[in-house]
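Encoded as structure tokens, the structure appears first; notes follow it.
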């Protein structure tokens with residue numbers, strides 16, 4: 001049976017979704033102390049920055065996300 005390969009973009013999107021969900025859960029939980037919420041948010045920001053850097057490197061390497069020249073409209 002063939003296993004499906006996950007592209008780096010799909011992996012990054014899955015990480016972002018997970019981090020986003022966990023951060024929202026922490027913010028909305030009234031029983032967590034503020035210091036713990038701050039720690040979770042700091043970790044979430046770190047992960048988001050890592051994913052952004054990874055996406056930028058992937059796009060630079062494979063040429064995705066580059067702007068194409070469009071003809072000027074008259």
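Mind listing whichever residues of the stretch 30-39 are in contact with a helix residue (DSSP H, G or I) (Cβ under 8 Å, 6 or more places away or on another chain) and assigned to a loop (DSSP other than H, G, I, E, B)?
Taking the stretch 30-39 as the starting set, the residues that turn out to be in contact with a helix residue (DSSP H, G or I) (Cβ under 8 Å, 6 or more places away or on another chain) are 32, 36-37.
Scanning the stretch 30-39 gives a single hit, 32.
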Checklist entry - Which pairs do you get when a residue that is at negative phi and part of a helix (DSSP H, G or I), found in the stretch 2-19, comes within reach of a residue that is surrounded by 12 or more Cβ atoms within 10 Å (Cβ to Cβ) and modelled with pLDDT of 80 or more, reach meaning Cβ atoms under 6 angstrom, with the pair 6+ apart or on two chains? => result 12/51; 12/54; 12/55; 15/51; 16/51; 19/44; 19/47
Next on the checklist: Please determine whether any residue of the stretch 55-74 is modelled with pLDDT of 90 or more, in a loop (DSSP other than H, G, I, E, B) and farther than 25 Å from residue 9 by Cβ.
Outcome noted: no
Checklist entry - Given (1) part of a loop (DSSP other than H, G, I, E, B); (2) at pLDDT 90 or above; (3) surrounded by fewer than 12 Cβ atoms within 10 Å (Cβ to Cβ), where does residue 42 come up short, assuming only one miss? => result (1)
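Kindly evaluate residue 50 against the criterion of being part of a helix (DSSP H, G or I), surrounded by 10 or more Cβ atoms within 10 Å (Cβ to Cβ) and either modelled with pLDDT of 90 or more or in contact with a helix residue (DSSP H, G or I) (Cβ under 8 Å, 6 or more places away or on another chain) (or both). Before you say what the answer is, go through the steps one by one.
Working: part of a helix (DSSP H, G or I): yes; surrounded by 10 or more Cβ atoms within 10 Å (Cβ to Cβ): yes; either modelled with pLDDT of 90 or more or in contact with a helix residue (DSSP H, G or I) (Cβ under 8 Å, 6 or more places away or on another chain) (or both): yes.
Yes; evaluated as a whole, the condition is true for this residue.
The values are calculated or read from the model by the stated rules, or taken from the named source; none is laboratory data. No experiment lies behind these values; they were computed from the predicted model shown. Virtual Cβ from ideal backbone geometry, glycine too; neighbours counted across all protein chains shown.
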